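What follows is one structure encoded as structure tokens, with my remarks underneath.
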Amino acid sequence: MRTNMINGLNREALLLSVSALKNDDTHLINELGLQHLSEGVRLKIAKLSLHQVLVAADFRGALAEVKIVPRQMEYFINMATSKSEEDAMIDEAIASGMRQPVLQELKGTTRREYTARRTKLKLPENPRGRIENLSEDDELIVLRSWRKHADISDPLARYLAVHHETGIGLDRAYLAINQTN
């Protein structure tokens, strides 16, 4: 496994090096440390064919070193976690009856993405037509719950909290909340 990773790393390092040198990308050349190579070696790298790059699989050593940048890794982990949590919330909102225009407004979810998520969630085709208004009692329940969860800053998370508490579909809850605001 380690050999396969080194082979893959060598191949990617070579492809990136060839690209940097062919495009005279000074920033990338410096980032890769290629500026320390002789001009002759740099010219040979720039002229490598794909076949020659693939020969890197036969090379026993590592052409590049990988070092984790702790601060950037932390930023990435936080971003990835946040993104997956947001994706889960969007999926839950769709399953709980929130319609695409509302998700477009709240999270930028396009019609195509919405349809793909509904398919992935194996939900039936979205109902068409007007959203049925809540009874007066249910509307009061939703509005109380909405006020109760005022401390939740993310609007979608707040709508989901209302849904969890009341069991009322998000399309109807959204309508009731936004008719009173």
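Derivation of every value follows stated rules applied to the coordinates shown; laboratory data play no part. As the structure is a computational prediction, the values presented were derived from the model and not from experiment. When we count neighbours, we look across all protein chains shown, and the Cβ atoms used for this are built from the backbone with ideal geometry, even at glycine.
Working note: Cα atoms of region 2-58, range along each principal axis, descending, whole Å: 30, 20, 18.
Here the Karplus relation 6.51 cos²θ - 1.76 cosθ + 1.60, evaluated at θ = phi - 60°, turns the backbone of region 40-46 into coupling constants of x, 5, 4, 5, 5, 5, 4 Hz, with x for every Gly and Pro.
Please determine, in degrees from 0 to 90 and to the nearest 10, the orientation of helix 155-166 with respect to the longest principal axis defined by the Cα atoms of the chain, where the helix direction is its Cα long axis. Roughly 50 degrees between the two axes. In this rough spin-label picture, where each label sits 7 Å from Cα along the Cβ direction, the Asn178-Ser82 distance is 2.5 nm. Can you give the longest run of the chain that contains no GluC sites (Glu not before Pro) sitting in a DSSP loop with at most 12 other Cβ atoms inside 10 Å? For GluC sites (Glu not before Pro) (loop position, at most 12 other Cβ atoms within 10 Å), the longest site-free span of the chain is 1-64. Once backbone amide H atoms are built at 1.01 Å from N, Leu134 has no partners under 5 Å, excluding neighbours fewer than 5 places away on the same chain. Compared with the dominant Cα axis of the chain, that is its longest principal axis, helix 2-22 is turned about 80°.
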